[in-house]
1. Might you check whether a residue that is touching a Lys or Arg at 6+ places or on another chain (Cβ under 6 Å) and either under 30 Å from Leu147 (Cβ atoms) or at pLDDT below 90 (or both) occurs anywhere in the range 23-33?
2. Met120 versus (1) modelled with pLDDT of 85 or more; (2) crowded, with 18+ Cβ neighbours inside 10 Å: which is the lone unmet condition?
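The values are calculated or read from the model by the stated rules, or taken from the named source; none is laboratory data. Everything numeric here is computed off the predicted structure, so don't read it as measured data. Cβ coordinates were reconstructed from backbone atoms using ideal geometry, including for glycine residues, and neighbour counts include every protein chain displayed.
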Amino acid sequence: MSVSFNAAFVSGTGIPSTRTTATRTWSPAQFISLAIGIGFVVLGITVLARTGSSDWYTPVRTVWHLGHTPLLGWIDIAFGALAILCGVVPGAIRSLMGLLGAAALAFGIVILVDAAPHRMHRYFGVTHVNGWLYVAVGAVMLLAAFLAPVFVSGGGVDVRRNVVTS
């Protein structure tokens, strides 16, 4: 909600008053970010339930056809929590949403081109299926962050309060 203050005098009386205009902003990007965030938090929790969290790199388990280690499960939870944060802020936090999308896209591309296959498989337990998921999620988040419109509603709400000074 955006609030602006305008100090003015009530016409003809010389009594100061304040004027508040309240607006609400929202964007379809919020729903996209919320859906992605909730999905990744659920995925991360499921991974940690199956792998445990006693060691970062072992065991490697397949959850929903995606290879995971506990470290990647924690990363999924953090990514999802930040995406949810982007979704609950009115108008969406576009810069953070774009950063998350770019990070997911880059991570997916690194997995797909096998830039560091030993490290990626050891630390994260990922396969090409993971790579395609992160590329798709990153692309959707980037497009939503840059292209989704922002709608403003409720711009006509005015509240006037007389200010009494002594």
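1. So the first thing to find is which residues in the range 23-33 are touching a Lys or Arg at 6+ places or on another chain (Cβ under 6 Å), and the list is none.
Within the range 23-33, none of the residues are touching a Lys or Arg at 6+ places or on another chain (Cβ under 6 Å) and either under 30 Å from Leu147 (Cβ atoms) or at pLDDT below 90 (or both).
2. (1)
To keep it simple, each residue is scored yes or no on (1) buried (at least 18 other Cβ atoms within 10 Å of the Cβ); (2) within 18 Å of Leu96 (Cβ to Cβ); (3) without any contact (Cβ under 8 Å) to a residue 40 or more places away in the chain.
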{"residue": "Gly39", "(1), (2), (3)": "no, yes, no"}
{"residue": "Ala49", "(1), (2), (3)": "no, no, yes"}
{"residue": "Asp55", "(1), (2), (3)": "no, no, yes"}
{"residue": "Trp64", "(1), (2), (3)": "no, no, yes"}
{"residue": "Pro70", "(1), (2), (3)": "yes, no, yes"}
{"residue": "Trp74", "(1), (2), (3)": "no, no, yes"}
{"residue": "Ala81", "(1), (2), (3)": "no, yes, no"}
